[in-house]
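Some notes on the structure that comes next.
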Amino acid sequence: MSPARNIDAFYKPTQDGKGWIRSWLFTLDHKRIGVLYLYTIMAFFLVGITLGGLMRFELIRPGMDLMDAQTYNVLFTLHGVIMVFFVVIPSVPATFGNIFLPIQLGADDVAFPRINLLSWWMYIFGAILIVCSLFTGGGPPDTGWTFYVPFSEVTSTNVSLAVFAVFILGFSSIFIGLNFVTTIHRLRCEGMTWTRLSLFTWSLYATGWIQILATPILAITVLLVMVERFVGVGMFDPSKGGDPLLYQHLFWIYSHPAVYIMILPAMGIISDIIPVFARKNIFGYKMMAFSSLMIAFAGSLVWAHHMFTSGMSDFAVLVFSFFKLCCRHSFSN
Ligand SMILES: [Cu+2]
């Protein structure tokens, strides 16, 4: 029995049910942390689709119906931030990944149960910060979820707190990736060789590397926006000698691979479920596993397709068009 399990037993509720909430909030059990994530993510999903619904209602006919332009921009931003950072990025890895990865590996738990719990608490902390940003400073942010400069530096709304929340959420995501990669390397049970891993595990492995390598870039970039708002150092704001294209590059170096954080584990689930119900072995297991890794790798080379009309050099447009073309044809995404 691992030390983590002993501590978890310490937090078991007593027979009269006392300590039940504490047993959940401080659990080190990967399945329970997965369930915690599941319910909090679903709660945010409801908030996100409500905001999205309000936006659609506003657009149902021309002119202003439900809200003014500023409120619309705020809903647009919150909807984006919630759906991207609070829902789709943690969605599959934090819930199904946490619940099934150790089971599929034959491991007791993930490699770092305490960091796993910390990851969920960072997520909650980030959520609290986002809520605080609505009521403090210049009010809720109105920049869109991409926080594009120079607008995010000149707007009087509370962008600083919102980007700090994204910074904190970044850590939540990095911790999950770190845990999964370490678990897959170190805690596979006897006989669980690399070519026997389930394809869901392979997809989480590829996702984990993206989370570890790409998320810090976003975290530092948005932190620089905050620093620039406070100190005015001139990293991204052209009026201070900064480069807005630099911001876009750094932002998309993370935010394009983030697409694969969302889709790879979902494809892994499908690759596991269909063969079971079709009662056949999956075709090309090794190539499927390899292509999960290659998607993670190639997905890290194509970020500037989000910037084709941004004023980047024609040569850069050519190179990134070529990379994107290669990606489309080899991995169909
Ligand atoms: Cu992209």
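The values are calculated or read from the model by the stated rules, or taken from the named source; none is laboratory data. All figures in this text were calculated on a predicted structure; none of them were measured in a lab. Cβ placement follows ideal geometry from the backbone for every residue including glycine, while neighbour counts extend to all protein chains displayed.
For the condition away from the ligand (no atom under 14 Å from the Cβ), small (Gly, Ala, Ser), more than 29 Å from THR193 (Cα to Cα) and exposed (fewer than 13 other Cβ atoms within 10 Å of the Cβ), GLY234 does not qualify.
Among residues of the range 249-264 that are within 14 Å of LEU293 (Cα to Cα), those with a beta-carbon under 9 Å from a residue that is part of a helix (DSSP H, G or I) and within 11 Å of the ligand (Cβ to nearest atom) at least six positions away or on a different chain give the pairs PRO257/TRP303.
Among the residues of the range 242-256, write down those that are part of a loop (DSSP other than H, G, I, E, B) and within 12 Å of the ligand (Cβ to nearest atom). If the condition is that a residue be part of a loop (DSSP other than H, G, I, E, B) and within 12 Å of the ligand (Cβ to nearest atom), then HIS256 is the only one that fits.
Please find, among VAL319, VAL276, VAL259, VAL227, the residue that is β-branched (Val, Ile, Thr) and within 13 Å of the ligand (Cβ to nearest atom).
VAL259
For the range 279-297, the candidate set comprises residues that are surrounded by fewer than 17 Cβ atoms within 10 Å (Cβ to Cβ) and within 20 Å of SER321 (Cβ to Cβ); within that set, the residue that is farthest from the ligand (Cβ to nearest atom) is MET294. Look through LEU117, LEU105, LEU28 and report the one residue that is surrounded by 18 or more Cβ atoms within 10 Å (Cβ to Cβ) and under 23 Å from ILE273 (Cα atoms). Going through LEU117, LEU105, LEU28 in turn, the sole match is LEU105.
Taken together, ILE295, ILE269, ILE282, ILE273 contain a single residue that is in contact with an Asp or Glu (Cβ under 9 Å, 6 or more places away or on another chain), modelled with pLDDT of 90 or more and of a type outside the set (Asp, Glu), which is ILE282.
Matching residues to (1) surrounded by fewer than 19 Cβ atoms within 10 Å (Cβ to Cβ); (2) part of a loop (DSSP other than H, G, I, E, B); (3) at negative phi:
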{"position": "LEU101", "(1), (2), (3)": "no, no, yes"}
{"position": "TYR123", "(1), (2), (3)": "no, no, yes"}
{"position": "LEU134", "(1), (2), (3)": "yes, no, yes"}
{"position": "SER156", "(1), (2), (3)": "yes, yes, yes"}
{"position": "ILE174", "(1), (2), (3)": "no, no, yes"}
{"position": "GLU190", "(1), (2), (3)": "yes, yes, yes"}
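Restricting the search to the range 298-316, which residues are away from the ligand (no atom under 15 Å from the Cβ) and under 24 Å from ILE212 (Cβ atoms)? Residues satisfying the conditions do not exist here.
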